[in-house]
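See structure below.
Bear in mind that the values in this text are calculations on the coordinates, not laboratory data. Since this is a predicted model, take the numbers as computed values, not measurements. Here Cβ is always computed from backbone atoms with ideal geometry, including for glycine, and neighbour counts include all displayed protein chains.
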Amino acid sequence: METRDTATGLPEQELIERVINIKRVSKVVKGGKRMKLQAVVVVGDGEGRVGLGHGKAQEVVAAVRKATGRAKKDMVRIATKGRTVPHETAGKYVASKVLVRPASEGTGLIACPQVRAVLEAAGLRDALSKSLGSRNPYNTAMATIVALRKLRTIDMVAAVRNKPVGHFVERPRYSEAAESHAG
């Protein structure tokens, strides 16, 4: 019998979970301070789906569980080209900006820990990235997801524009010298 994930309702599969950040936060109330823990988790299937979530609770385990559940609910599909991204893209979330570029095979992931966690969870193995602006872990990871959501493959663009893929592929140009010798 097939088991289903409670958060997404999809068939359960092996998901990659990465805890990006755990920090202690406090709320000042009349009687003093109330301490809680906040966790930021990225979840992906390693095949182009990735999600980010955060949760707060009294204990680390409960905060991570809440964050994981929210990340599973917010998973999005991204376009990939083999082990890398199809083209250069940039994403901005609040004050964090992230640039992601394709890389040749064998390069690996060159990225800060937050961006690396998102790219690994999405199943990418070769990419270059640059993080600009705020280095807030949640905002940086979210900016990465915003950038990845902008990715389009040539097949996707052709389908949207109702054109054949060959219309978008650059045709080789013939030089005048080659034409004069041919005829």
Exercise. Go ahead and estimate [θ] at 222 nm for the chain from helices alone: -39,500 (n - 2.57) per DSSP H run with n ≥ 4, summed, over the residue count, rounded to 500.
Key: -8500 deg cm²/dmol
Exercise. Compute the signed sum of charges (Lys and Arg +1, Asp and Glu -1) over the other residues within less than 10 Å, Cβ to Cβ, of Leu132.
Key: +4
Quiz item: So, by mean Cβ neighbours within 10 angstrom, what's the order for 153-162, 29-38 with the highest one leading?
Solution: 153-162, 29-38
Practice problem: Select one label from [x] 36, 17, 14; [y] 29, 17, 15; [z] 42, 20, 13: the one whose number is semi-axes √(5λ) of the Cα gyration tensor in Å as derived from the coordinates shown. | Solution: [z]
Practice problem: Using per-residue counts of other Cβ atoms within 10 Å, averaged over each peptide, order 127-134, 44-51 from highest down. | Solution: 44-51, 127-134
Quiz item: Can you list the lysines whose alpha carbon is less than 17 Å from that of Lys130, not counting same-chain residues fewer than 8 positions off?
Solution: Lys92, Lys97, Lys150
